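Trainee: Before I ask anything, here is the structure I am working with.
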Amino acid sequence: MARPEPGITLVGGGRMGSALAGGWIQSNYDGPIAIIDPQPSSQLTDWERDGKITLNPAPGPATTLVVAVKPQVFDKISDQIRAHVGPDTLVLSIMAGITLDSLARTLGTDRVARAMPNTPGLVGKGMTLLCLPDEASADDGDYLKALLTPLGDVEGPIGEDMISAATAISGCGPAYVFLLAEVMAAAGKAHGLDQDMAMRLAKKTIEGAGALMMESEEAPSKLRENVTSPGGVTKAALDVLMQDTAMPSLMEHAVGAAIKRDRELSGD
Ligand SMILES: NC(=O)c1ccc[n+]([C@@H]2O[C@H](COP(=O)([O-])OP(=O)(O)OC[C@H]3O[C@@H](n4cnc5c(N)ncnc54)[C@H](OP(=O)(O)O)[C@@H]3O)[C@@H](O)[C@H]2O)c1
């Protein structure tokens, strides 16, 4: 299969869809962009007015069809979506929990792919997982990776059997980090800090630690050790957090629960 012709039809111009389309527009994507959304946001109508996209095109085979509606909506509008799928259409779904098999069956094509973004993708700092059928061409994989770059980094293609575990880390992971900010700030407040200041300290510390981790050549464990002098203050806290029943085993347990739920929702 040759490299896909330029041209994208996006179904669902919500948060993720618009983040993708914004990136394609900004990077001067070299083909027409059409967006299907029954109630387009003012951003979408502005883009249409400026000639950057067309809205709600007539049915007909798309070259690349990106599906970014909620999974519950997908079931209801699958006939409408199928009207944009032709024999050569490459379909990319970012819907959580809809398997490659189910996409192929519902849309009547084997040329399907799925991706699992995460919310930092909304600010271009995401980690998106890409999953392709075994028979997909390398050209399709490269092209789809490029299409997903407005959301940040892309990992893959990974096997679909890995998607639940990977989702439990990068898809759900932002929630774990937001929880960390919440509980750090709450602990600061419990120990006498002003609530707003405690939250500012927690947020900035997480941002700074993340930036240091990404810029440093050292592993997170080494960076942790660098902050932890023997007998010091950080060590006192980590002795609590790293007890057998504390953070490491709690995280493993939590990720296990996420994987189980993802598999249930995907019908595995
Ligand atoms: N946000 C995340 O962190 C995240 C992470 C991983 C995967 N995903 C997946 O990404 C997908 C999109 O998520 P999102 O957060 O961007 O959701 P969203 O903001 O609700 O976007 C979905 C968009 O689809 C539109 N829509 C509804 N019915 C439609 C129809 N018949 N035809 C075309 N468009 C229609 C919605 O319009 P209305 O608002 O008017 O209904 C909305 O603009 C979901 O499948 C989700 O599972 C999201």
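Trainee: Could you bin all the Cα-Cα distances of region 8-158 into 5 Å bins starting at 0 and give me the percent of pairs in each, rounded to whole numbers?
Mentor: 2, 10, 21, 24, 23, 15, 5, 1, 0
Trainee: Rounded to whole Hz and in sequence order, give me ³J(HN,Hα) for region 233-249 from the Karplus expression 6.51 cos²θ - 1.76 cosθ + 1.60, θ = phi - 60°, writing x for Gly and Pro.
Mentor: Ordered by residue, 3J(HN,Hα) equals 6, 5, 4, 4, 6, 5, 4, 7, 5, 9, 4, 3, 8, 9, 3, x, 6 Hz.
Trainee: Given the -39500 (n - 2.57) contribution per DSSP H run of 4+ residues, what per-residue ellipticity at 222 nm results for the chain, rounded to the nearest 500 deg cm²/dmol?
Mentor: -15000 deg cm²/dmol
Trainee: Starting from the amide H of residue 56, placed 1.01 Å from N in the peptide plane, find each other amide H under 5 Å away whose residue is 5 or more places distant or on another chain.
Mentor: Close amide H contacts, sequence-distant or interchain: 35, 36, 37.
Trainee: Can you give the % of DSSP beta bridges in the chain that are antiparallel, to the nearest 5?
Mentor: Looking only at bridges with both residues in the chain, the antiparallel portion is about 10 percent.
Trainee: For the chain, with only Lys/Arg (+1) and Asp/Glu (-1) charged at the beta-carbon, what is the dipole magnitude about the Cα centre, in debye rounded to 20?
Mentor: 740 debye
Trainee: Return the long-range amide H neighbours of residue 155 (sequence gap of 5 or more, or a different chain), with a cut-off of under 5 Å between placed amide H atoms.
Mentor: Long-range HN contacts for residue 155: 128, 129, 130.
Trainee: So which of 125/203; 125/235; 125/189 end up more than 24 Å apart, counting from Cα to Cα?
Mentor: Cα-Cα > 24 Å for 125/235; 125/189; rest within.
Trainee: Choose one of 11, 166, 136: the residue whose Cα lies farthest towards the positive end of the charge dipole of the chain (beta-carbon charges +1 Lys, Arg; -1 Asp, Glu; about the Cα centre).
Mentor: 11
Trainee: Follow-up question, since we're still on this one. Positive end of the dipole of region 189-234, charges at C-beta (+1 Lys, Arg; -1 Asp, Glu), about the Cα centre: which of 220, 230, 193 has its Cα farthest in that direction?
Mentor: Sorting the options by dipole projection puts first 193.
Trainee: Here's another thing I want to ask about it. Determine by what factor the alpha-carbon radius of gyration of the chain differs from 2.2 N^0.38 Å, reporting the quotient.
Mentor: It is 1.17.
Trainee: Which order do 255, 91 take by accessible area at a 1.4 Å probe, largest first?
Mentor: Sorted descending by solvent-accessible area, the residues read 255, 91.
Trainee: Give me the dipole magnitude in Debye, nearest 20, for region 171-265 about the Cα centre, with unit charges on the beta carbon: positive for Lys and Arg, negative for Asp and Glu.
Mentor: So the dipole magnitude of region 171-265 works out to roughly 160 debye.
Trainee: Hey, can you rank 182-192, 62-72, 47-57 by average C-beta count inside 10 Å, highest first?
Mentor: Per-residue mean Cβ counts within 10 Å order the peptides as 62-72, 47-57, 182-192.
Trainee: In region 120-268, what is the volume of the convex hull around the alpha carbon atoms, normalised per residue and reported in Å³?
Mentor: 152 Å³
Trainee: With θ set to phi - 60° and the Karplus curve 6.51 cos²θ - 1.76 cosθ + 1.60, what are the ³J(HN,Hα) couplings of region 16-26 in order, to the nearest whole Hz, using x for Gly and Pro?
Mentor: 5, x, 5, 5, 5, 4, x, x, 5, 5, 4
Trainee: Write down the percent of antiparallel bridges among all DSSP beta bridges whose residues are both part of region 8-158, to the nearest 5.
Mentor: Counting DSSP beta bridges with both partners in region 8-158, the antiparallel share is about 10 percent.
The values are calculated or read from the model by the stated rules, or taken from the named source; none is laboratory data. Computed from a prediction, not measured in an experiment: that's the story for all the values here. Cβ: placed from backbone, ideal geometry, glycine included. Neighbour counts: every protein chain shown. Quick note on the areas: whole protein, heavy atoms, side chains included, nothing else; ligands and nucleic acids left out. Shrake-Rupley method; radii C 1.70, N 1.55, O 1.52, S 1.80 Å.
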